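The values are calculated or read from the model by the stated rules, or taken from the named source; none is laboratory data. All values derive from a computational prediction rather than experimental measurement. Quick reminder, even Gly has a Cβ in these numbers, built from the backbone with ideal geometry, and neighbours come from all protein chains shown.
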């Protein structure tokens, strides 16, 4: 039975690409579902606003794409937070995604170590060893869920694959791409950042086909053969197709997300769903910063005062908030 017989609209994929969108898709014949993320102005606003060194900006851009792809799976208006802590030149990455499409991000790094490494340093070398945490925040009345993945010198794609293998037990493949684009304007050439990614998952209805091999327990007797299950042919086909995606296909503004999905899966038939817009938007405000300051002890607030006021700068968007002593209950200096 064809899609027309089932009442599903059939049309040619859109030729024009749209930046800052999340496009869900499904390949029913292979039991595959996925999302394609294309970021233009949203990722450029975050990265350009911080003026990070290029290797740091590229790594944070990858983290932003990964977070948007994973966070967009939330079925409620919650938050998905990705955070790394490691011993590499980039000590910390934080990306905060609020469903359905708001994202903010920042990085902490050792400028001297990044400069000494030069432009050829890999994402895995920038991160070093540590861990990656993925947190789902369902709101103040609900408990948080957090998954941890070790960082052992690999990149974010490898960490994502490890997370899904261990925490979600879902066969998953992720591709991430970030690059600079130079455009000529009135003031001369200017750098713009672009980013993109694709996530593919194997979600069969059959429990038998969904079975996964047991994870290595780590303490099995020497010589114990690991548990092995053959990969489903549908998943082998799907992940093999995603492996052929080039960075330029994820970044090219003239190649639409629909066209990319069609290019990969047209032989099997691919269905796309309504795209969700993404915007770079910080959640900080003067009121939220004031409430945060009031949560500190009287002594801590007093110690924050400099030149008669407290100044707080948001790490995500660089907005600065200035408070007089009286506004946050700091003690006046002795007369």
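In segment 268-289, how many residues are in a helix (DSSP H, G or I) and buried (at least 17 other Cβ atoms within 10 Å of the Cβ)? Walk me through it before giving the result.
Filtering segment 268-289 for residues in a helix (DSSP H, G or I) gives 286-289.
Imposing the further condition that a residue be buried (at least 17 other Cβ atoms within 10 Å of the Cβ) reduces the set to 289.
Summing the residues that are in a helix (DSSP H, G or I) and buried (at least 17 other Cβ atoms within 10 Å of the Cβ) in segment 268-289 gives 1.
Mind listing whichever residues of segment 24-74 are without any contact (Cβ under 8 Å) to a residue 40 or more places away in the chain and within 24 Å of residue 138 (Cα to Cα)?
Here is the first cut: in segment 24-74, the residues without any contact (Cβ under 8 Å) to a residue 40 or more places away in the chain are 51, 67, 71, 73.
67, 71, 73 - these are the residues of segment 24-74 that are without any contact (Cβ under 8 Å) to a residue 40 or more places away in the chain and within 24 Å of residue 138 (Cα to Cα).
To keep it simple, each residue is scored yes or no on (1) surrounded by 14 or more Cβ atoms within 10 Å (Cβ to Cβ); (2) at pLDDT 95 or above; (3) in a strand (DSSP E or B).
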residue: 60; (1), (2), (3): yes, yes, no
residue: 73; (1), (2), (3): yes, no, no
residue: 132; (1), (2), (3): yes, yes, yes
residue: 140; (1), (2), (3): no, no, no
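Looking only at residues in segment 115-130 that are touching a helix residue (DSSP H, G or I) at 6+ places or on another chain (Cβ under 6 Å) and surrounded by 20 or more Cβ atoms within 10 Å (Cβ to Cβ), which one is farthest from residue 154 (Cα to Cα)? Reasoning before the result, please.
Filtering segment 115-130 for residues touching a helix residue (DSSP H, G or I) at 6+ places or on another chain (Cβ under 6 Å) gives 121, 123, 126.
Adding the requirement that they be surrounded by 20 or more Cβ atoms within 10 Å (Cβ to Cβ) leaves 123, 126.
Working: 123: 7, 126: 10 Å.
Only one residue tops the list, namely 126.
Conditions: (1) assigned to a helix (DSSP H, G or I); (2) closer than 24 Å to residue 181 by Cα; (3) without any contact (Cβ under 8 Å) to a residue 60 or more places away in the chain. Residue 95 meets all but one. Number of the miss?
Every listed condition holds for residue 95 apart from (1).
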